[in-house]
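Q: Supplied in structure tokens, the structure appears directly below.
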Amino acid sequence: MLAPILSKFNSLKTSRKGVVAMAMIEYPSLEAATGKFSASNVLGVGGFGCVYKAVFDGGVAAAVKRLEAGGPECEKEFENELDLLGRIRHPNIVTLLGFCVHEGNHYIVYELMHKGSLDTQLHGASRGSALSWHVRMKIALDMARGLEYLHEHCSPPVIHRDLKSSNILLDSDFNAKISDFGLAVTSGNIDKGSMKLSGTLGYVAPEYLLG
């Protein structure tokens, strides 16, 4: 499924993380696809940087997350996303297409989700008007399927640790996908005694918050 998309990138190499191929994309390609990271192409702003809309050669649209040089934590999130999303393929988890490292900044390329985040749909200009009860139920079921896959079918199981409306992305048909795996951990790597509390207050599971 990914081969036709990856073949359109002007990348020199293809890397394998686990069993899934991802493109190592050259920085000039990212710069051209995002209009030199134009403010008009900003899709959203997060804790470590911005997400931009990109259109690559052949008209392939994607989303590019630029992680500003931010020390060890930024580096860890970058490696975490590549490691986990590079091994995961599921209809309700956002697809990783490629990555780039340039002058201390890290870039991750994902499939473009045309309807943006659930948070934007609920609290943006439309105030949820496009989300009928049928669509809302569909989004909830999509999220449940994505979480079930992470918890029950990944080996070892993956715990997201920051599931919230801004990390739920919607495609043009309102199919929902879980995104942003920078804080995710696998169950085999959890040390409850030394693990730092991560996530967003208001969304953190009570049993996790209480230890």
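The values are calculated or read from the model by the stated rules, or taken from the named source; none is laboratory data. Keep in mind it's a predicted model, so treat the numbers as computed, not measured. Neighbour counts run over all protein chains shown; Cβ positions are idealised from the backbone, glycine included.
Q: Go through (1) within 30 Å of K138 (Cβ to Cβ); (2) in contact with a strand residue (DSSP E or B) (Cβ under 6 Å, 6 or more places away or on another chain); (3) at pLDDT 75 or above for H90 and report which single condition fails.
A: (2)
Q: Yes or no: segment 137-144 includes at least one residue that is at pLDDT 95 or above, of a type outside the set (K, R) and more than 21 Å from the chain's Cα centre (by Cα).
A: Checked segment 137-144: at least one residue is at pLDDT 95 or above, of a type outside the set (K, R) and more than 21 Å from the chain's Cα centre (by Cα).
Q: Examine segment 181-195 for a residue that is at pLDDT 95 or above, in contact with a strand residue (DSSP E or B) (Cβ under 8 Å, 6 or more places away or on another chain), surrounded by fewer than 17 Cβ atoms within 10 Å (Cβ to Cβ) and within 28 Å of D83 (Cβ to Cβ), and state whether such a residue exists.
A: Among the residues of segment 181-195, not one is at pLDDT 95 or above, in contact with a strand residue (DSSP E or B) (Cβ under 8 Å, 6 or more places away or on another chain), surrounded by fewer than 17 Cβ atoms within 10 Å (Cβ to Cβ) and within 28 Å of D83 (Cβ to Cβ), which makes the answer no.
Q: Based on this model, can you work out whether L163 counts as modelled with pLDDT of 85 or more and either in the same structural domain as K53 (by TED's automatic domain parsing) or not charged (D, E, K, R) (or both)?
A: Taking the combined requirement at face value, the residue satisfies it.
Q: Also, I was wondering about something else. Across segment 92-104, what is the total count of residues that are out of contact with any Asp or Glu (no Cβ under 8 Å at 6 or more places or on another chain) and not hydrophobic (A, V, I, L, M, F, W, C)?
A: 4
Q: Could you check segment 36-63 and list, in sequence order, the residues that are of a type in the set (K, R) and in contact with a strand residue (DSSP E or B) (Cβ under 8 Å, 6 or more places away or on another chain)?
A: K53
Q: Inspect segment 47-58 for any residue being at pLDDT below 90 and farther than 24 Å from A184 by Cα and give the result as yes or no.
A: The answer is yes; a qualifying residue exists.
Q: Looking only at segment 148-180, how many residues end up being farther than 20 Å from L131 by Cβ and either surrounded by 16 or more Cβ atoms within 10 Å (Cβ to Cβ) or hydrophobic (A, V, I, L, M, F, W, C) (or both)?
A: Residues that pass the stated criteria total 9.
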